[in-house]
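> Structure below; questions to follow.
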Amino acid sequence: MPYTENSVLIRGDIKGIFNCVLELEKWPTFIPAIKHSKVIGAHEGKELHEMSSRICGIVSSWRSYLVETEHFRKIKYKQLKGLCNRMEGEWILEEQSKGVHVTLIHDFEYKLPVFSVFIEPIIERYVIAISNKILEGIKSKIEHEN
């Protein structure tokens, strides 16, 4: 099962970064690759978000919900609908002397095991690309606000 890990160092306040990550509906305003993001309801008592992105002409959409947070340190979420039958993500924020090291992790599995050997590497490249765009957007927003 593919696993991706992207990270960036952001010069900013950990609380501001944490809150920026959780403000998914605002992402399209500062992350050009995110085309759509809105709350569409609830799942297991948590906000259910619908999002879409475009990377290299490939459009993807998904629904996910927040699983848990560790205040200003971790955010975990799960995807309910998208390209994969299982997609879980985690944000890890670690304060360092020069800023906050932000890591975005994805662990996923493609829907059809027979095709997974062909499809998962493509999805993995897409996940890496969109994760980098998200991290770049958050970094730019936070660092330009300071």
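The values are calculated or read from the model by the stated rules, or taken from the named source; none is laboratory data. This is a predicted model, so every value here is computed, not measured. Heads up, the Cβs are rebuilt from the backbone with ideal geometry, glycines too, and the neighbour counts pull from every protein chain shown.
> Residues in the stretch 102-124: is at least one over 21 Å from M1 (Cα atoms) and surrounded by 15 or more Cβ atoms within 10 Å (Cβ to Cβ)?
Checked against the condition, which is being over 21 Å from M1 (Cα atoms) and surrounded by 15 or more Cβ atoms within 10 Å (Cβ to Cβ), the stretch 102-124 yields at least one hit.
> Could you count how many residues in the stretch 83-112 are over 17 Å from W62 (Cα atoms) and in contact with a His (Cβ under 9 Å, 6 or more places away or on another chain)?
Count: 4.
Residues are listed down the side, and each one gets a yes or a no for (1) closer than 18 Å to I142 by Cβ; (2) in contact with a Ser or Thr (Cβ under 6 Å, 6 or more places away or on another chain); (3) charged (D, E, K, R):
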residue: I31; (1), (2), (3): yes, no, no
residue: S60; (1), (2), (3): no, yes, no
residue: L104; (1), (2), (3): yes, yes, no
residue: V117; (1), (2), (3): no, no, no
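> Okay, next question. For residues that are under 15 Å from the mean Cα position of the chain (by Cα) and under 17 Å from S131 (Cβ atoms), tally how many sit in the stretch 59-68. Steps first, please.
Restricting attention to the stretch 59-68, the residues satisfying the condition of being under 15 Å from the mean Cα position of the chain (by Cα) are 60-68.
Next cut, under 17 Å from S131 (Cβ atoms) only: 60-62, 64.
Total satisfying the criteria: 4.
> Does I138 satisfy the condition of being surrounded by 17 or more Cβ atoms within 10 Å (Cβ to Cβ), part of a helix (DSSP H, G or I), in contact with a helix residue (DSSP H, G or I) (Cβ under 6 Å, 6 or more places away or on another chain) and of a type in the set (A, V, I, L, M, F, W, C)?
Yes: the conditions hold for I138.
One line per residue, one yes/no per condition, for (1) at pLDDT below 95; (2) under 18 Å from I138 (Cβ atoms); (3) of a type outside the set (D, E); (4) over 15 Å from the mean Cα position of the chain (by Cα):
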position	(1), (2), (3), (4)
I17	no, yes, yes, no
P28	no, yes, yes, no
E50	no, no, no, no
G57	yes, no, yes, yes
I92	no, yes, yes, no
E95	no, yes, no, yes
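> Filter the stretch 117-141 down to residues that are free of Cβ contacts under 8 Å to residues at least 60 places away in the same chain and among the small types (G, A, S), then give me how many there are.
Looking only at that region, the number is 0.
Condition check ((1) farther than 21 Å from I138 by Cα; (2) in contact with a Lys or Arg (Cβ under 6 Å, 6 or more places away or on another chain); (3) β-branched (V, I, T)) across all residues:
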{"site": "V21", "(1), (2), (3)": "no, no, yes"}
{"site": "R54", "(1), (2), (3)": "no, yes, no"}
{"site": "Y65", "(1), (2), (3)": "no, yes, no"}
{"site": "M87", "(1), (2), (3)": "yes, no, no"}
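> Also, I was wondering about something else. So the check is Cβ under 9 Å with 6+ separation or different chains; which pairs have a first residue in the stretch 67-85 that's closer than 13 Å to V21 by Cα and a second one that's assigned to a strand (DSSP E or B) and hydroxyl-bearing (S, T, Y)?
Correct list of pairs: I75/T69; K76/T69; Y77/S64; Y77/Y65.
> Does the stretch 93-111 hold any residues that are over 18 Å from L22 (Cα atoms), without any contact (Cβ under 8 Å) to a residue 60 or more places away in the chain and assigned to a strand (DSSP E or B), and which are they?
The one that is over 18 Å from L22 (Cα atoms), without any contact (Cβ under 8 Å) to a residue 60 or more places away in the chain and assigned to a strand (DSSP E or B): Y110.
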